[in-house]
Ligand code: C2E
Ligand code: CA
Ligand code: CA
Ligand code: CA
C-alpha cells in the first residue's frame, strides 16, 4: 500500500502535470502555427573549397506569444506526437519551392538544398510519393535536393530504408548521413546506402584542436568517407583554426558560424551573391 501511495504521489506531481500541460499547449500551438504560417526556413551555407555550393534548410518557429522556440525544443515533441509528419511535409514543400524559385538564377540556381528528415517521417509508407509530389508540384530539380538522414534510421527496417533511398536516388535526389559518429550505424551498412555525403557531427569538430580523441575521430571519418567516395562535410565549424585543421585532414567541405549562422532567405541570398566568383 505504501508503494502504491508513493506511485500515486509521483503521478500527481504538480511539476510533472505542469510539464504535461505545457507540452499539450505547445502541441496545439504547433498545429495552428503550421496553418498560420508561424514556421519559416532558415538557410545555412555549405562551403566547399572556398565556394558556397549549397544550403541546409533549418526550420524556425516564431510563436506569437512565446517568441522564438528552437528546434531542439519542438522537433522531439513533434516526433513524439506525430506532428513531425505534417511539419516535415511543410519543410519539404517549402524547400522545394525555394529551389524552384532559385532555379533560373545563374548563381542561386547552382545551389543544392539539404532537408533534415526524421526517422519517423522516412519510415512512413507515403514518404517517397510525398517527396516526388513536392518536387513535381513545385517544379524543383530533384538533383538539387538532398535529404539528411540520421543513423537512428538504421535501427529499424534497413531493407526498407535502402529500398526507399534507391528509389529516390533514381530520380536524382541525394542523401547525406547526418551527425555521423554519434549514432549506432554499423560500418557494414555504410557501403550499402546510396549516400553522397557524410556529415561529421559538431561534437567532434568543437574540440578537434584540444582533444586528441576528437582529432582522431574526425580524421578517421574523413578517411572512411573519402575512401567510400563520399563528400565529407564538417558541421559546427566556428574558428579558422578548426577549418584549417580539417582542411589539412582532407576535409574540404564545411558549415558553421565561421562563415555564417543559418539565415533568413534575403540575407542568405546576399551572402551567396557576395561570395560568387565574377
Ligand atoms: P542538425 O541537423 O545537426 O543541424 C545543425 C545545427 O547546428 C543547427 O541547429 C545549426 O543552427 C547549428 N549550427 C550550425 N553551425 C553551427 C556552429 O558553428 N556552431 C554551433 N554551436 N551550432 C551550429 P538548429 O537549427 O537549432 O537545429 C537543431 C536540430 O534540429 C538539427 O540538427 C536537426 O536535427 C533538427 N532540425 C532542424 N530543422 C529541422 C527540420 O526541418 N526537420 C527535422 N526533422 N529536423 C530539423
Ligand atoms: Ca542536419
Ligand atoms: Ca548534424
Ligand atoms: Ca544534430
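The values are calculated or read from the model by the stated rules, or taken from the named source; none is laboratory data. Everything numeric here is computed off the predicted structure, so don't read it as measured data. A quick note on method: Cβ atoms are made from the backbone with ideal geometry, for glycine too, and the neighbour counts reach across all protein chains shown.
Things to note:
- Positions within the range 221-248 being assigned to a helix (DSSP H, G or I), more than 19 Å from residue 182 (Cα to Cα) and away from ligand 3 (no atom under 16 Å from the Cβ), in sequence order: 227, 240, 241, 243, 244, 245, 247, 248
- Count of the range 166-192 residues, restricted to those that are touching a helix residue (DSSP H, G or I) at 6+ places or on another chain (Cβ under 9 Å) and within 16 Å of ligand 2 (Cβ to nearest atom), is 11.
- Selection status of residue 225, in contact (Cβ under 8 Å) with a residue 12 or more places away in the chain, surrounded by 16 or more Cβ atoms within 10 Å (Cβ to Cβ) and closer than 15 Å to residue 51 by Cα: no
- Condition met for residue 215 (assigned to a helix (DSSP H, G or I) and loosely packed, with under 14 Cβ neighbours inside 10 Å): no
- Qualifying positions in the range 198-216 - under 25 Å from residue 53 (Cβ atoms) and either more than 16 Å from ligand 4 (Cβ to nearest atom) or in contact (Cβ under 8 Å) with a residue 60 or more places away in the chain (or both): 208
- Checked against the criterion of being buried (at least 18 other Cβ atoms within 10 Å of the Cβ) and farther than 28 Å from residue 269 by Cβ, the candidates 122, 74 yield just one match: 122.
- Residue identified as in contact with a strand residue (DSSP E or B) (Cβ under 6 Å, 6 or more places away or on another chain) and more than 27 Å from residue 157 (Cα to Cα) among 176, 234: 234
- If the condition is being surrounded by fewer than 13 Cβ atoms within 10 Å (Cβ to Cβ) and assigned to a helix (DSSP H, G or I), then the range 252-270 contributes 266, 270.
- The range 144-173, residues that are within 16 Å of ligand 3 (Cβ to nearest atom) and part of a strand (DSSP E or B): 146, 147, 148, 149, 150
Okay, residues lined up against (1) more than 14 Å from ligand 1 (Cβ to nearest atom); (2) modelled with pLDDT of 95 or more; (3) assigned to a helix (DSSP H, G or I); (4) crowded, with 17+ Cβ neighbours inside 10 Å:
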| residue | (1), (2), (3), (4) |
| --- | --- |
| 192 | yes, no, no, no |
| 209 | yes, yes, no, no |
| 219 | yes, yes, yes, yes |
| 250 | yes, yes, no, no |
| 272 | yes, yes, yes, yes |
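- Boolean, residue 205 is crowded, with 21+ Cβ neighbours inside 10 Å, in a loop (DSSP other than H, G, I, E, B) and either under 17 Å from the mean Cα position of the chain (by Cα) or at pLDDT 95 or above (or both): no
- Out of 58, 99, sole residue that is more than 9 Å from ligand 1 (Cβ to nearest atom) and either at pLDDT 95 or above or buried (at least 20 other Cβ atoms within 10 Å of the Cβ) (or both): 99
- Within the range 253-267, residues that are farther than 12 Å from residue 56 by Cα sit with their Cβ atoms under 6 Å from residues that are loosely packed, with under 15 Cβ neighbours inside 10 Å, at 6+ positions apart or across chains, in these pairs: 253/48; 257/238; 258/238.
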